[in-house]
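Please see the structure below; I have some questions.
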Amino acid sequence: MPITSKDKQEIEQLYSDFKSKWGGCKEDYFACLYLSRKFERPIEDIRPFVAFGNNDYGIDAYFIERASKNLYLFQFKWSENHALFRESLERLAKDGIERIFGNAKADPHKNELLAGLRAELADSRDLIKRVLVHMVFKGDLDAAENSQGLQARREDVENKHYIVEDFFKGDDGVKRDIEFRVEFIADTRRPPLPPPPQSFRIRLSEAASITTPDGEHTMHVGFVPLMDLHAIYLALNQRFLDRNIRSGLSEDNPPNKKIRQALSEIVLERKVEPEVFAFNHNGVTLAVEQFVQKEGVCEVKVPRLLNGAQTITSVARFMKEHEKHPSMSGPDSPLSRVKVLAKVVVADPASDFVTTVTISNNRQNPVNSWNLRANDRVQSDLHDLFKEKLELFYSRQENSFAGYSDEELEKAGYDTTRDLRIRPMAQTLLAIQGEIPKMSQLPEVFENQKWYTETFRESYVDSDPRRIVIAYKTGLMLRAAMDELDERAAGKHRPAIAKARNLVWSLLVQAIYNSNKLLEYLDLFGTRMTKEVAFKELLVVLARREVLPLLKTILDDKMYAPKLADEKYEFLRTKEVFTKCMADANKKFDWVKKPL
């Protein structure tokens, strides 16, 4: 039975009754009350199954329900904020599952709950058929289920399925089919959404295999029916593409048009034999957690597409456009004979090894350094920040916004006006920080780990996203401000100011952040990606009234006269000049540097 907000008084009473005996904090008793009600056991009987204190490796409680043969592992948050599960899921994936079911090194400081769980598992190993990790909180279940950051972390935990299966295998070494999944449980009476399927069957013909020297990774190569891959995409949708560094490129992209044209010639016009498709196609690459092959049929678990997003999305568009055509279905449809060359890599889809494979298999289209960061945790968390707070879409994967129709975006709760993108997002954060030189060195920002973490700070995922949006839109609409400065500048200053675009962007952001109307501006212009006329007019006024005087002071500084005389304007792209402008702004306008 779920806990409701009315239970706060009862939890406070439990804390008062037992804190001297059991210790812990008030929130620990949320776990006690929840388990007591769910399993209909007295509070005193539940106590051994609840962790009081730290070093719990992501598990607050456990319970073995013998009737259902379920092992429940719990994490509780007495909060409406599902983002609090991020750290717990990370601990569980990194160390927790290994410590519970594996052979982790001893930790004398681990919570005593884990020792009790290991002992009880030793006696119940043959009984358990399912391991269910329940993340229980008091907030919005849909928000948790739709959180890209939480989904990525949940997948990291579920990718440890093989450790769980190894633990429960019989004395003869044969693995049992143990169900293992992570679910978010909200403080409502609505049951959790069913998880998407993780296991699929594909037909891999003419298969060959190769294994890395250390025996850690295996790759199977063969030909897979295109419809087998399409079926996985229908089931998983964008999750199938999550480990790719791109989403599907535009449907007008030449390769995508060629794919649809080839399918039309095979299926609709019947001018070309289906087998020819594989000769003209470069193939696809998948990563799977497990691969079991028997008589040409392969069962793969947690499949993720590393290369071939253009093929998969183009096929999906072709199928949708021609779904009523008689040649699209039935046993005689040429589609059943269309195959592609496939490389199936058996490895944790979230591992560094798979990341390297992904990058190497996406060289047919130019790979920018920001593409390689698409699956970083901070990027997923920023996606959640803009989605949950403002209903804006953040394209951490290139072209992911274009992969949805307006109807799909509206159904998912997104504003369809415009997306935020990873490359200009980096420039925006650097503009806020006043890191003028780095704004023109984006490849290095994404390649240099120190610069990258300083730009995309973890603290930003808990910031007010309106401040980021208004700074981002300042960059999008900078042209009007630059035109105003060009028109107002003295003749000798005009060429220099034209080279100070990033400095102007950063100073305009500080002008907005230092305004006594900031909250009004955030409400008016920081919640949507629309290019409002009123916001353009605001930027023009700020450029004329506040930014221009700062630039004039710098350009009249005798220190820079030789550079201006030689038309060398690189000094306007230095941190030193930004710092001088801010010091002058403090004197003229009482500005201070405002972070997010």
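Throughout, read-outs are computed from the coordinates displayed, never taken from laboratory work. On a predicted model such as this, the values are computed, not experimentally measured, just so you know. No Cβ is skipped: glycine too gets one built from the backbone with ideal geometry, and neighbour counts run over all protein chains shown.
Among 241, 104, 211, whose Cα sits farthest toward the positive end of the charge dipole of the chain (+1 at Cβ of Lys/Arg, -1 at Cβ of Asp/Glu, about the Cα centre)?
Farthest along the dipole direction, towards plus: 241.
If I compute log10 I(q)/I(0) by the Debye sum over Cα atoms at q = 0.06 Å⁻¹ from the structure I just sent, which labelled value in (i) -0.33; (ii) -0.42; (iii) -0.57 lines up?
Recomputing log10 I(q)/I(0) by the Debye sum over Cα atoms at q = 0.06 Å⁻¹ here gives the entry labelled (ii).
Oh, and also: At a threshold of 8 angstrom on Cα-Cα distance, excluding pairs fewer than six apart, so keeping six or more, what relative contact order does region 199-359 reach in percent?
Working: 291 pairs, mean separation 56.5, N = 161.
Computed value for region 199-359: 35 percent relative contact order.
Follow-up question, since we're still on this one. Return the percentage of antiparallel bridges among DSSP beta bridges fully within the chain, rounded to the nearest 5 %.
60
Further question: First check a/c for region 418-544, with a ≥ b ≥ c the square roots of the eigenvalues of its C-alpha gyration tensor; if it is under 1.5, answer rounded, and if not, answer prolate when a/b is larger than b/c or oblate otherwise.
On the way: a/c = 2.05, a/b = 1.19, b/c = 1.72.
Here region 418-544 falls in the oblate category.
Report the charge-dipole magnitude of region 1-157 in Debye, nearest 20, computed about the Cα centre from +1 at each Lys and Arg Cβ and -1 at each Asp and Glu Cβ.
On the way: 25 positive and 27 negative charges, 49 e Å.
Dipole of region 1-157, to the nearest 20 debye: 240 debye.
Here's something else I'd like to know. Regarding region 25-133, what are the three Cα extents along the principal axes, ordered largest first, in Å?
36, 31, 23
For the chain, calculate the relative contact order in percent as a whole number, restricting contacts to Cα pairs under 8 Å that are 6 or more residues apart.
On the way: 908 pairs, mean separation 57.6, N = 596.
Normalised by residue count, the contact order of the chain is 10 percent.
Answer with one residue from 168, 490, 302: the one whose Cα lies farthest towards the positive end of the charge dipole of the chain, charges on Cβ with Lys, Arg +1 and Asp, Glu -1.
Value computed over the given set: 490.
Please give the contour-minus-distance gain from residue 592 to residue 40: 0.36 nm per residue of separation, less the Cα-Cα distance, rounded to one decimal in nm. If you can, show how the numbers build up before the last one.
On the way: separation 552, 0.36 × 552 = 198.72 nm, distance 5.84 nm.
Additional length available on full extension: 192.9 nm.
What is the gain in length, in nm to one decimal, between residue 25 and residue 321 on full extension, counting 0.36 nm per residue of separation less the C-alpha to C-alpha distance?
Working: separation 296, 0.36 × 296 = 106.56 nm, distance 5.78 nm.
Contour length minus Cα-Cα distance gives 100.8 nm.
So what are region 199-359's ellipsoid semi-axes, whole angstrom, largest first, if each one is the square root of 5 times an eigenvalue of the alpha-carbon gyration tensor? Please list the in-between numbers first.
On the way: eigenvalues 144, 61, 37 Å².
Those come to 27, 17, 14 Å.
Compute the angle between helix 501-513 and the longest alpha-carbon principal axis of the chain, please, reported from 0 to 90 degrees and rounded to the nearest 10.
The two axes meet at around 80 degrees.
Check cross-link reach from residue 343 to the aspartates and glutamates: straight Cα distance under 20 Å, and skip same-chain residues fewer than eight apart.
Straight-distance partners of residue 343: 206, 214, 216, 228, 242, 275, 289, 295, 299, 352.
So for the pair residue 483, residue 499, with labels modelled 7 Å out along Cα→Cβ, what separation do we get in nm?
2.5
Taking the Cα centre of the chain as origin, sum charge times position over the Cβ atoms of Lys and Arg (+1) and Asp and Glu (-1), and report the length of that vector in debye to the nearest 20. Walk me through the numbers on the way to the answer.
Working: 90 positive and 91 negative charges, 309 e Å.
The dipole magnitude comes to about 1480 debye.
In nm, to one decimal, how far is the modelled label at residue 258 from the one at residue 125, with both set 7 Å along Cα→Cβ?
For residue 258 paired with residue 125, the spin-label model returns 5.5 nm.
What's the longest piece of the chain with no exposed GluC sites (Glu not before Pro), counting a site as exposed if DSSP puts it in a loop and it has at most 12 other beta carbons within 10 Å? Don't jump to the answer; show the numbers that get you there.
Numbers: sites that count: 40, 216, 269, 295, 323, 567.
Counting only loop sites that pass the neighbour cut-off, the longest clear stretch is 324-566.
At R0 = 56 Å, how high is the FRET efficiency between residue 518 and residue 328 if r is their beta carbon distance? Nearest 0.05 is fine. Present the calculation step by step, with values, prior to reporting the outcome.
Working: r = 56 Å, r/R0 = 1.00.
That pair, residue 518 with residue 328, gives E of 0.50.
Additional query: Using the Cα centre of region 373-511 as the reference point, and only Cβ charges (+1 on K/R, -1 on D/E), how large is the resulting charge dipole? Debye, rounded to the nearest 20. Don't skip to the answer; put the middle values down first.
Numbers: 21 positive and 23 negative charges, 145 e Å.
Roughly 700 debye for region 373-511.
Any chance you could list the semi-axes, whole Å, largest first, of the equivalent ellipsoid that the Cα gyration tensor gives for region 377-589, using √(5λ)?
On the way: eigenvalues 203, 74, 45 Å².
One finds semi-axes of 32, 19, 15 Å for region 377-589.
Expected output is a single nm value to one decimal: the length gained when fully extending between residue 16 and residue 533, i.e. 0.36 nm times separation in residues minus the C-alpha distance. What is it?
Working: separation 517, 0.36 × 517 = 186.12 nm, distance 5.84 nm.
Stretched fully, the residue 16-residue 533 segment lengthens by 180.3 nm.
Amide H to amide H, which residues 5 or more places from residue 421 or on other chains are under 5 Å from it, using H placed in the peptide plane?
Here 395 satisfy the definition.
Still on this structure: Add -39500 (n - 2.57) for each DSSP H run of 4 or more in the chain, then divide by its residues: what number comes out at 222 nm, to the nearest 500 deg cm²/dmol? All intermediate terms of the calculation are to be shown ahead of the outcome.
Working: 29 runs with 262 residues, N = 596.
Per the formula, -12500 deg cm²/dmol.
Mean 1/r over all different Cα pairs, inverted: what Kirkwood radius does region 127-191 give, in Å? Working shown, then result.
Working: mean 1/r = 0.0749 Å⁻¹.
By the Kirkwood definition, the hydrodynamic radius is 13.3 Å.
Then there is this: On a 0 to 90 degree scale, rounded to 10, what angle separates helix 148-158 from the longest Cα axis of the chain?
30
At residue 294 and residue 177, where each label point lies 7 Å from the Cα along Cα→Cβ, what is the point-to-point distance in nanometres?
0.9
Which of the trypsin sites (Lys or Arg not before Pro) across region 91-121 are loop residues per DSSP, with 10 or fewer other Cβ within 10 Å? Don't jump to the answer; show the numbers that get you there.
On the way: sites: 91, 94, 99, 105, 110, 118; in loops: 105, 110.
Here the trypsin sites (Lys or Arg not before Pro) that fit, given the DSSP loop and packing criteria, are 105.
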